[in-house]
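Chemist: There's a structure below that I have some questions on.
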Amino acid sequence: MANVECFRKLMKSLIVCSKVAGVEMWTAPGKFPPASYYVSFHITVYFASTVWTLRKYIDDPIHMMKVLITLGTAVQLYIKFFVGHSKAQEINLFTALDQEVLQRYQNGSEEETAVLRRTGRILWLVYRMISASYIFLAVAFGMYPAFYCFATGKVMLLFLYELPFCDCSSSLGYAVTICFQINLLAIGVLGAILSDFVFFMYAMYAMARADISIVHLGELENMLNDPTKNEIRTAEIRRKWIQCMHDHQRSTSFFTMIEHIFGLICLTQVASATFSICDAMLLVLLTDWYPTYSYLYVMFVQLSGFFLIGHLVELKNDAIYNKVISMPRYKLPVKEQKEFRFLMSRQQNPMMLTAYGFHPMNFEVYMSVLKRLYQFFVMIMQYVG
């Protein structure tokens, strides 16, 4: 993906997912197409059905926990659907900026094109991995009721919530409910592929922009260490310094835009995944319901992925900071030394992903979340024992 054509090829796949998921961020930003109404209808029916089922089985806590295990995923997908519509203009602008970066540097120096090639390879690899894993898990999960029926001779729903005023014990009621749930599963999988990969893609392009900034800072450092002194050299240093200042400004704006667009999604991801993992751990100890393990695995991997991206962004910002402070700034002309102070001042404010400002998405917070989950698991083990 070292050129615009490859970027557009990837975008075509994402646009197809966005049309099916009802969030046409690139083709109709800010608009509510028919697919959006269709998805909104399914979301509304899901939440209504969940409340209906919880009230119906209020005397069965285990069944209620089985119903609630999908609530975290539903909430995060709804928030991603909401953010996709409310931030569609910003996402479209960010996409245009990504293309601008590719157009500018796809025929640049060897170091610049190497950054773009590496970013492109990683994006295509991750896109295929996310798509294949999500679709495989959805198909495997969708086949579970069939395997259960074959093994026990009993029918079961794909999800355990029931549609209001629909008798799932009848053939017609079961068929209507299972068709609705399969449809919801397909929409949810495409929405998850779209939202999770878009988050990763924009984070990768922001880090690629930072890598290019580091490359230019290295070129400036080499020029400053060159003992040659003349007017031509001074003018070249001035041009390179302006380029570095522009790079740093654009890198900062990229990370700021990611925080602005995806901050609420990160907060929802952490909160909903934590809730679902706690629910799944309770079910692991109290029941032998096998779908619990798949839910636990998916939510844990998804939570870890978001924190991993945040950690990589933090490391990239640390790399920029280390490169800036290692610059031989005393060799810059007086005017550039004064401007360097502004760059240093901006670096004092760390650029990192946060969960809507509540906490940073880094490795330290991730370990803290795992520690709390482990403490919760030990506590319920002692209680059950």
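The values are calculated or read from the model by the stated rules, or taken from the named source; none is laboratory data. Bear in mind the structure is a predicted one, so any value in this text is a computation, not a measurement. FYI the Cβ positions are ideal-geometry reconstructions off the backbone, even for glycines, and counts take in every protein chain you see. SASA here: full protein model, heavy atoms, side chains in, ligands and nucleic acids out. Shrake-Rupley method; radii C 1.70, N 1.55, O 1.52, S 1.80 Å.
Chemist: Please go through (1) open to solvent by 40 Å² or more (accessible area, probe 1.4 Å); (2) more than 12 Å from the chain's Cα centre (by Cα); (3) of a type outside the set (A, V, I, L, M, F, W, C) for Asp279 and return the number of the only condition it doesn't satisfy.
Modeler: Going through (1) open to solvent by 40 Å² or more (accessible area, probe 1.4 Å); (2) more than 12 Å from the chain's Cα centre (by Cα); (3) of a type outside the set (A, V, I, L, M, F, W, C) one by one, Asp279 breaks only (1).
Chemist: For Gln375, indicate whether it is out of contact with any Pro (no Cβ under 7 Å at 6 or more places or on another chain), of a type in the set (S, T, N, Q), open to solvent by 80 Å² or more (accessible area, probe 1.4 Å) and more than 30 Å from Leu220 (Cβ to Cβ).
Modeler: yes
Chemist: Then there is this: Mind listing whichever residues of the range 191-237 are assigned to a helix (DSSP H, G or I), without any contact (Cβ under 8 Å) to a residue 60 or more places away in the chain and not small (Gly, Ala, Ser)?
Modeler: His216, Glu219, Asn222, Met223, Glu231, Ile232, Arg233, Glu236
Chemist: Looking at (1) in contact with a Phe, Trp or Tyr (Cβ under 7 Å, 6 or more places away or on another chain); (2) closer than 27 Å to Ala355 by Cα, which one does Lys66 not meet, given that it meets all the others?
Modeler: With respect to (1) in contact with a Phe, Trp or Tyr (Cβ under 7 Å, 6 or more places away or on another chain); (2) closer than 27 Å to Ala355 by Cα, Lys66 is out only on (2).
Chemist: Still on this model: Among the residues that make up the range 256-264, is at least one of them in a helix (DSSP H, G or I) and at pLDDT below 90?
Modeler: no
Chemist: Still on this structure, please answer the following. Name the residue that is farthest from Ala203 (Cα to Cα), counting only residues in the range 357-371 that are touching a residue at least 12 places away in the same chain (Cβ under 8 Å) and exposed (fewer than 15 other Cβ atoms within 10 Å of the Cβ).
Modeler: Among those residues, the one meeting the criterion is Phe358.
Chemist: Of the residues Lys80, Lys56, only one is closer than 30 Å to Leu283 by Cβ and open to solvent by 50 Å² or more (accessible area, probe 1.4 Å); which?
Modeler: After ruling out the rest, the residue left standing is Lys56.
Chemist: Looking only at the range 218-244, which residues are aliphatic (A, V, I, L, M) and within 28 Å of Tyr321 (Cβ to Cβ)?
Modeler: Residues satisfying the conditions are Leu220, Met223, Leu224, Ile237, Ile242.
Chemist: Quick one: in the range 343-356, which of the residues that are closer than 17 Å to Ile258 by Cβ and open to solvent by 80 Å² or more (accessible area, probe 1.4 Å) is nearest to the chain's Cα centre (by Cα)?
Modeler: My answer is Tyr356.
Chemist: Kindly provide the set of residues from the range 272-307 that are in a helix (DSSP H, G or I) and free of Cβ contacts under 8 Å to residues at least 40 places away in the same chain, ordered by number.
Modeler: Selection gives Val284, Tyr293, Leu296, Tyr297, Phe300, Val301.
Chemist: Against the condition free of Cβ contacts under 8 Å to residues at least 24 places away in the same chain, part of a helix (DSSP H, G or I), of a type in the set (Phe, Trp, Tyr) and open to solvent by 40 Å² or more (accessible area, probe 1.4 Å), how does Tyr321 come out, does it pass?
Modeler: So Tyr321 fails the test.
Chemist: Restricting to the range 85-140, count the residues that are free of Cβ contacts under 8 Å to residues at least 40 places away in the same chain and over 26 Å from Ile265 (Cβ atoms).
Modeler: Total satisfying the criteria: 5.
Every residue, every condition in (1) of a type in the set (Gly, Ala, Ser); (2) part of a loop (DSSP other than H, G, I, E, B); (3) modelled with pLDDT of 90 or more, yes or no:
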| site | (1), (2), (3) |
| --- | --- |
| Thr95 | no, no, no |
| Leu123 | no, no, yes |
| Ser133 | yes, no, yes |
| Tyr148 | no, no, no |
| Phe159 | no, yes, yes |
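Chemist: In addition: Here are the criteria: (1) of a type in the set (Phe, Trp, Tyr); (2) surrounded by fewer than 18 Cβ atoms within 10 Å (Cβ to Cβ); (3) more than 23 Å from the chain's Cα centre (by Cα). Tell me which single one Phe340 does not satisfy.
Modeler: (2) is the only condition that Phe340 fails.
Chemist: Another question, then. Does the range 141-190 hold any residues that are touching a residue at least 24 places away in the same chain (Cβ under 8 Å), open to solvent by 30 Å² or more (accessible area, probe 1.4 Å) and closer than 20 Å to Phe41 by Cα, and which are they?
Modeler: The answer is Leu160, Pro164, Ile182, Asn183, Leu184, Leu185, Ala186, Leu190.
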